[in-house]
Each structure stands twice: as C-alpha cells, then as structure tokens.
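Student: Before I ask anything, here is the structure I am working with.
The values are calculated or read from the model by the stated rules, or taken from the named source; none is laboratory data. Here the structure is a predicted model, which is why all the values come from computation and not from measurement. Methodologically, a virtual Cβ is constructed for each residue, glycine included, from the backbone with ideal geometry; neighbour enumeration extends over all protein chains shown. Please note that ligands, DNA and RNA were not included when accessible areas were found on the heavy atoms of the full protein model with its side chains. Shrake-Rupley method; radii C 1.70, N 1.55, O 1.52, S 1.80 Å.
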Amino acid sequence: MAENKNQFGSKLGLIAATVGSAVGLGNIWRFPAEAQANGGAAFLLLYILCVLVLGVPVMLAEMSLGRRTGLDAYGTFKKLAPGKKWFLLGCSGIATAYFIGSYYMVVTGWTLEYLFEAVTTQLYHGAEAIADVTGSGADSFFQARMDEYISTPVRPVIFTVIVIVANIIVLTGGVQKGIERLSNILMPMLFVVLVAMCCLTLSLPGAGAGLKWFFSPDFSKITSDTVINAMGQTFFSLSLGMGTLITYSAYYPKSTNLTQTSVIVSMMSTIVAVLVGMVIFPAVASFGLEHHSLVGTTLVFQTLPEVFMCLPCPTFWASLFFALLFAAALTSVVSIMEVAVAFLVSHFHFSRLKACVFTMTPLLLLSTLCSLSFSTLKDFKIFGMTIFGLLDSLTTNIMLPVTALGVCIFLGWFAPKHLMKEELTNNGTLRNRFAGIIIFLIKFAAPLLILTILLAPLFR
Ligand code: PHE
C-alpha cells in the first residue's frame, strides 16, 4: 500500500493501530466496573446501542475530517474553516489529550509495576501464608498491597517516568515504524491472551453463575445515570472527542473505506469488553468474590490477583494478565499523546523527537501531580476532588462530550457542503448504502444525545 512514511503501511496495520487506541484501560478496567454497577447485560445492551447510534457516527465524523485534510486536530479545523474560531475544537482536543494522558500514564505505570512484580514473583510473596491462616485473608492482603503501593510517593512516579520514556521511544519511531509496528505486535497478542484467559475462567467450577449474571439483563437497574454512564463509556472507550481519530485518520490512505474501518474498530472494542466480562464475572462467581465492588482500582489490582491465586501457577496468569493490560494501555496512551506530537510536528515543523520531548516535559509534571494525588497530595482537593479525580471527571464527563458535540455540529452544519458524503463514499468511487443514515446521525441524533449527557446533571 502506501510508500509515504506518514501513512499507515497496510490496511491491517491501520486497523491494529486504531483498535490499539480504542482498546485500553477503558475496556478492561472501566467496563466491568460499570457493568457490575449498572445491571450487567442491561448495561451491555445500552452500551452497544450507544456505540451504534453515537460511537460509530462520531468516529466517522472524526475520520472524515482527518482523512480529508491529512492534518492534526488543530490544523484540520484551521484548514477547513480559515479565519473562524473552529480551531478552538482542536485546541480543546489537545488540552484533553494532556489531561487524560497525565493520569493514563500513571495507571499504565501501576500496570507496569504489577507486571514487574508478577514476573519477578514478588506479587505473591507472603500472600499464601496469610490466605492459609485466615481463609479470606488474601482480600485484605491485596488491598493493603495496592494501598501501600499507590500511597508511597517515589515508586509509582518512577514507573510513570518509565512509561513516558516508552512513549517517547514509540512516538519518535513515527507512524509506521513506531505506532503501527507496536500495534501490529501487541494487538493480536492481546486477543490471544484474552481468549486463553476466557477459556480458563469458563472452565472453573461455578463459572456458569457468573456468566449467567453477566448475560441476564436486570433492567430495573437502568436509570438516567445508567444511560449517561453508557454514553460516557462509549466516548472514552472508542477514543472519541479529543482528536485522536482525526489525527490517526490523517495517516489513512485515501482508499481506506472509513465506514468499514469504523465498524470493525467499534466491534473489536466491544468484543474485548465482552470478553473481559466473560473472564471477570465467571472468575469472580467461581471464587465467591461477588461481594467485591469492582470499582476503580479494586478489580484489576486486587480482585484479579486474588482470583489468580486460586489457580495453579498464579504467577504465570498474573504475568500474562498484566502484560495484556500493559499492552492495551500502552497502545492507547501512545494515541493520546500523538494528538499533541502531530500538532507540534505539523504546526511548528519540529522533528518527531523534539515534538515528543516538548510534549512530554509538561506532561511529566502533570503526571507526577496525578501520581502524588494518592500520597503527598492526598489532601489537596479542588471541588472536593484530588488532582487525579478532577482530571478524570473533567475530561470524561465534560471535555470529551463537548469536543465530540463540536465536531458533529461542525461537520454536519459548517464544514464544506459535500465533505461528509465524499469521505463516506471515497469521492463517489465506493457504494455506501448507509451514507444517508450516517449523515442524519451526525447532523441530528448525535448532537442531541450528547447535549442530553451534558445537560442531564442540571435537571437532577
Ligand atoms: N480508548 C482508550 C481506552 O479505552 C482511552 C482513550 C481515550 C484513548 C481517548 C484515546 C483517546 O482506554
């Protein structure tokens, strides 16, 4: 395919990179917690509905814009609406990338630490003795372990710095040799490991009860909040609303079928979320850990190590799982930072290395503040939240939806008239039976739905 090194080199690579961006902590860490709190399959159904009516159209809107201009998020709006204020959407995307990137780096750092501890067998050091004596002692063992780890200031910061350096290495490699190569290796691995873990947990005694729970919808748990959470989850897990997909699709060749790509990416991301559910809920049921709330750090860093402890060879399973989580997080965080790197490269003509260093230096400061939110700065609160908590809720609940709303309104109402149709049909060379409905969703349905998410809290 493309010879241009600023384009993805193959169709598979382009899909791996975009799936790599979408599949991350959002699917493995956030999704099961949301599903548990919001009625299992009822949440899953709502989420799938949101992906169809909101996720796919917004993704196509971003892809159309990026592929048309071949520029970063800021440059795209500057080029398509010269002299207008729409470039502010690009700026908001870059700011969101910084904010999400800063805490995402920290959680990726935790993952790396756990991977390191699992591989070096330190993760289970001392756990068996405690579990033997008290039966359920493993529970408090892993809780204390995580608490102790995140509340010490230095170690998490060191791992965050390692993740930042890994990002610089990948991003300096560029589109084909960095991002695409990383995704080509890690994404298939992730699917294989996930399927293997799924087979394992499904064969556990009593797993059926968990599976049954996950697939039986409890519609009584659906409230207006559930709907809002499902929509928020859609944005976050499909990497929408911060220009990531504008940036990535600038590297798509002109022949790429955008509709097909967006459907494949959304489907893969949803399949990963479902597979994760099929790993977690049966395992949790089999070991009688249903009472555990899967919220926040609990699931990945406490419940799962405990589940692995009940299996033969816990170190092996824990290493495999944290390698999987690290792979998913790394390919996502790289896509988050590429938004800022691409901006510096195209706007200021920086080399990629210089752009990476310029991007990561302020990020290092922000990430350190996020990491210290669990230790030294634990009591420093803004609007009652720690810096980590504030950045998380500000981005997911406000910045992502606002930017996505702006993108839909721009493309639907203000962009050059035939842009959307031309991109969806590759300038008329591709038959697209769904073009009409996609354009309707981008112009009307998606903006209305997003406005509902944003305004709902005001009516409570
Ligand atoms: N989609 C990623 C995840 O699920 C997170 C992300 C958000 C990546 C926004 C890029 C942009 O973890």
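Student: Within the accessible area of the range 1-56, what % is carbon and sulfur when the probe is 1.4 Å and the other protein chains stay in place? List each step's numbers first, then the result.
Tutor: On the way: 1200 of 1830 Å².
It is 65 percent, rounded to a whole number.
Student: Using a 1.4 angstrom probe with every protein chain in place, what is the largest-first accessible-area order of Phe87, Phe383, Phe219? Provide the component values of the computation, followed by the final result.
Tutor: On the way: Phe87 45, Phe383 175, Phe219 125 Å².
Correct descending sequence by accessible area is Phe383, Phe219, Phe87.
Student: For the chain, list the DSSP H helices whose alpha carbon atoms reach 30 Å or more along the long axis and whose average Kyte-Doolittle value is -0.5 or above?
Tutor: Values: long enough: 87-119 (46 Å, 1.11); 181-202 (32 Å, 2.00); 258-286 (42 Å, 1.85); 314-348 (50 Å, 1.77).
Helices passing the filter in the chain: 87-119, 181-202, 258-286, 314-348.
Student: Which order do Ile15, Ile158, Ile450 take when ranked by solvent-accessible area (1.4 Å probe, heavy atoms of all protein chains), largest first? Spell out each step's value before the answer.
Tutor: Working: Ile15 20, Ile158 90, Ile450 0 Å².
The most accessible residue leads, giving Ile158, Ile15, Ile450.
Student: Run the numbers for Ile382 and Asp218: contour at 0.36 nm per residue of separation, minus the present Cα-Cα distance, in nm. Walk me through the numbers on the way to the answer.
Tutor: Working: separation 164, 0.36 × 164 = 59.04 nm, distance 3.61 nm.
Gain on stretching Ile382 to Asp218: 55.4 nm.
Student: Does a label point 7 Å from the Cα of Ala445, set along Cα-to-beta-carbon, have any residues of the range 21-47 with amide nitrogen under 15 Å, and which are they?
Tutor: Correct set: 46-47.
Student: To the nearest 0.05, what FRET efficiency results for Phe434 and Asp225 with a Förster distance of 30 Å applied to their C-beta separation? It would help to have the intermediate numbers written out before the result.
Tutor: Details: r = 31 Å, r/R0 = 1.04.
For R0 = 30 Å, the calculated efficiency reads 0.45.
Student: By how many nm would the segment from Leu365 to Ser203 lengthen if fully extended, with 0.36 nm per residue of separation less the alpha-carbon distance?
Tutor: Working: separation 162, 0.36 × 162 = 58.32 nm, distance 4.55 nm.
Here the segment from Leu365 to Ser203 would lengthen by 53.8 nm.
Student: Any chance you could run the full-extension gain for Thr121 through Leu88? It's 0.36 nm times the residue separation minus the Cα-Cα distance, nm to one decimal. Provide the component values of the computation, followed by the final result.
Tutor: Working: separation 33, 0.36 × 33 = 11.88 nm, distance 4.88 nm.
Between Thr121 and Leu88, full extension yields an extra 7.0 nm.
Student: Moving on to the next point. May I ask for the distance between the Cα centers of the range 97-120 and the range 389-431, given as a whole number of Å?
Tutor: The range 97-120 and the range 389-431 have Cα centres separated by 30 Å.
Student: Can you pull the one-decimal nm distance between simple spin-label points at Ser375 and Val154, each 7 Å off the Cα toward Cβ?
Tutor: Between Ser375 and Val154, the simple spin-label model gives 0.8 nm.
Student: Next up: Of the accessible area of the range 288-418, with the probe set at 1.4 angstrom, what percent is carbon plus sulfur?
Tutor: Working: 3820 of 5200 Å².
Carbon-and-sulfur percentage of accessible area, whole number: 73.
Student: While we're looking at this one, here's another question. Could you give the accessible area per residue of the chain, probe 1.4 Å, as a whole number in Å²?
Tutor: Working: 18200 Å² over 460 residues.
Per-residue accessible area for the chain comes out at 40 Å².
Student: Also: Could you grab the relative contact order for the range 312-387? Cα pairs under 8 Å, six or more apart, rounded to a whole percent.
Tutor: Values: 26 pairs, mean separation 10.9, N = 76.
Relative contact order here is 14 percent.
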